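Q: My questions all concern the structure below.
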Amino acid sequence: MSISINSRIESIQISGIRQFSNQLIDYPEAINLTIGQPDFPTPEAVKQAAIIAIQNNQTSYTHNAGLLELRAEIASFFLDTYALEFNPQSEVIVTNGASEGLDSLFRAILEEGDEVILPAPAYPGYEPIIQLCGGKVVYLDTSDTGFQPDPQRLESLITDRTKAVLMNFPSNPTGVTMESAQLEKVAAVLEKHEVFIVTDEIYSENSYGEKHTTFASFEKLHNRTFLVHGLSKSHSMTGWRIGFVLGPEMYMKHVLKVHQYNAICAAVPSQYAALEAMKNQRHIPAEMNKEYIERRDFVYKRLTDMDIDVVLPKGAFYIFPSIEKFGMTSFDFAMRLLKEGGVAAVPGSAFTKYGEGFVRISYAYSMVVLEEGMNRLEQFIQTLKLRD
Ligand SMILES: Cc1ncc(COP(=O)(O)O)c(C=O)c1O
């Protein structure tokens, strides 16, 4: 006999990224290009701020929404960088990473049967959260539109069950950003329909083309847009677990209740570290970007030289080449690349079925590692061609 557990969680699988990376242990010599976090250390001053906070016994609960000083700094960052106005008292919540922010947010807005439209290929962290709330993800295929959401296709998916549209640009896994002209077309569709916009812009500070334009900047959408952000990527702070949710006061008070009961507040030494990051270390992402751009250009050139179809990524630290012409599933390709070629890259199918035919390569690695990875990939591809 076994006692039944929540049927929704029972039907949810562990992420495809994890399923694949669990295999890596058997291939210790492989060049691992699967990791989704910066390879830089957390900035020294940020680490020191947490150490000092601990030494000063600043280790008890804060306000549920986070230290007011930190919320004020977050609001000032969005005002200075994107001319967005958020009231730090009522429109900013500091969460345990963007992940907890998304979970608290969706639990606050979704009801059984609600639909959330999500451009795909997509980050695999979203669907399980939505399903746990009784919601349903409706995918907007971007695999044949250069990974940009097509406005007409988006509109055709909106029904009276649609509660929210979830965007993630710059995107994990494609690295694609949405430039302002495209963003405006998508916003024009959303203006016509009363749905929430949830925009996960955790990679906004890692943008390499035109300056990042945020979905939260559309006046007509502002009163129903939630901006999800955090320091994991911009300041190499994945383990500190600091995220932010920003949105209209009338909804944020409900998000705060979920966050209050599932977390009380974000980890306090991490909040002090975040305060230093937001106040004095805003230049850090631009420093990292110099290296990411060099690496992206290198990997892009190597892939195109290998005659592989690939969209030039303009943000985040991923590149998503097509492997369709090799005539096998992305999982089989990734497994063979690992076993025969000694390189680990995540199969595109880990990012929904719309990622089939691609693999995700992370370039959050040193040039030495990337060079060896690309050399091995090239050799592997040559062996495939020889067998044809
Ligand atoms: C698009 C996207 N959103 C959210 C997250 C989770 O971020 P956090 O570490 O802040 O929970 C990730 C992590 O890889 C991500 O790629």
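Q: What residue, among those in region 112-123 that are in a loop (DSSP other than H, G, I, E, B) and more than 9 Å from the ligand (Cβ to nearest atom), is most open to solvent (accessible area, probe 1.4 Å)?
A: Among them, the one singled out is GLU112.
Q: Going through region 146-155 one residue at a time, which ones are of a type outside the set (A, V, I, L, M, F, W, C), open to solvent by less than 40 Å² (accessible area, probe 1.4 Å) and part of a loop (DSSP other than H, G, I, E, B)?
A: GLY146, PRO149
Q: What number goes with the only condition from (1) at pLDDT 95 or above; (2) aliphatic (A, V, I, L, M); (3) in contact with a Pro (Cβ under 7 Å, 6 or more places away or on another chain) that ILE12 does not pass?
A: (1)
Q: Another one. Within region 207-223, can you find the residues that are open to solvent by 50 Å² or more (accessible area, probe 1.4 Å) and either assigned to a loop (DSSP other than H, G, I, E, B) or in the same structural domain as ARG295 (by TED's automatic domain parsing) (or both)?
A: Once the filter is applied, which keeps residues that are open to solvent by 50 Å² or more (accessible area, probe 1.4 Å) and either assigned to a loop (DSSP other than H, G, I, E, B) or in the same structural domain as ARG295 (by TED's automatic domain parsing) (or both), region 207-223 yields GLU210, LYS211, GLU219, LYS220.
Q: Taking the options ILE17, ILE35, name whichever one is closer than 23 Å to GLU205 by Cβ, assigned to a helix (DSSP H, G or I) and at pLDDT below 95.
A: ILE17
Q: Determine which member of the set LYS253, LYS233, LYS211 is out of contact with any Asp or Glu (no Cβ under 9 Å at 6 or more places or on another chain), closer than 22 Å to ILE93 by Cα and among the basic types (Lys, Arg). If you could, list the steps in order and put the result at the bottom.
A: Values: LYS233 fails: out of contact with any Asp or Glu (no Cβ under 9 Å at 6 or more places or on another chain); LYS211 fails: closer than 22 Å to ILE93 by Cα.
Of LYS253, LYS233, LYS211, the one residue that is out of contact with any Asp or Glu (no Cβ under 9 Å at 6 or more places or on another chain), closer than 22 Å to ILE93 by Cα and among the basic types (Lys, Arg) is LYS253.
Q: Can you go through VAL186, VAL195 and tell me which one is at pLDDT 95 or above, among the aliphatic types (A, V, I, L, M) and either surrounded by fewer than 22 Cβ atoms within 10 Å (Cβ to Cβ) or touching a strand residue (DSSP E or B) at 6+ places or on another chain (Cβ under 6 Å) (or both)? Give the steps one after another, and end with the answer.
A: Details: VAL186 fails: either surrounded by fewer than 22 Cβ atoms within 10 Å (Cβ to Cβ) or touching a strand residue (DSSP E or B) at 6+ places or on another chain (Cβ under 6 Å) (or both).
Being at pLDDT 95 or above, among the aliphatic types (A, V, I, L, M) and either surrounded by fewer than 22 Cβ atoms within 10 Å (Cβ to Cβ) or touching a strand residue (DSSP E or B) at 6+ places or on another chain (Cβ under 6 Å) (or both) holds for just one of VAL186, VAL195, which is VAL195.
Q: Further question on the same structure: Do you know which residues across region 159-206 are of a type in the set (Lys, Arg) and assigned to a strand (DSSP E or B)?
A: LYS163
Q: Counting only residues that are open to solvent by 10 Å² or more (accessible area, probe 1.4 Å) and not in a loop (DSSP other than H, G, I, E, B), which one in region 225-239 is nearest to the ligand (Cβ to nearest atom)?
A: In this case the residue turns out to be THR238.
Q: From the list PRO151, PRO124, which one is under 19 Å from GLU201 (Cα atoms) and of a type outside the set (Asp, Glu)? If you could, list the steps in order and put the result at the bottom.
A: Numbers: PRO151 fails: under 19 Å from GLU201 (Cα atoms).
Unique residue meeting the criteria: PRO124.
Q: Looking at region 240-262, which of its residues are among the basic types (Lys, Arg) and either within 14 Å of the ligand (Cβ to nearest atom) or within 19 Å of ASN223 (Cα to Cα) (or both)?
A: Listed by number, the residues that qualify are ARG241, LYS253.
Q: So, one more: How many of the residues in region 67-111 are of a type outside the set (A, V, I, L, M, F, W, C), open to solvent by less than 30 Å² (accessible area, probe 1.4 Å), under 21 Å from SER234 (Cα atoms) and within 14 Å of the ligand (Cβ to nearest atom)?
A: Residues that pass the stated criteria total 4.
Q: Of everything in region 362-382, what is open to solvent by 10 Å² or more (accessible area, probe 1.4 Å) and not in a helix (DSSP H, G or I)? Give them in sequence order.
A: TYR365, SER366 - these are the residues of region 362-382 that are open to solvent by 10 Å² or more (accessible area, probe 1.4 Å) and not in a helix (DSSP H, G or I).
Q: Of the residues that make up region 51-61, is at least one touching a residue at least 24 places away in the same chain (Cβ under 8 Å), within 16 Å of the ligand (Cβ to nearest atom) and outside any helix (DSSP H, G or I)?
A: no
The values are calculated or read from the model by the stated rules, or taken from the named source; none is laboratory data. As the structure is a computational prediction, the values presented were derived from the model and not from experiment. Glycine gets a Cβ as well: all are built from the backbone with ideal geometry, and neighbour counts include every protein chain shown. For accessibility, only protein heavy atoms count, side chains too; no ligands or nucleic acids. Shrake-Rupley method; radii C 1.70, N 1.55, O 1.52, S 1.80 Å.
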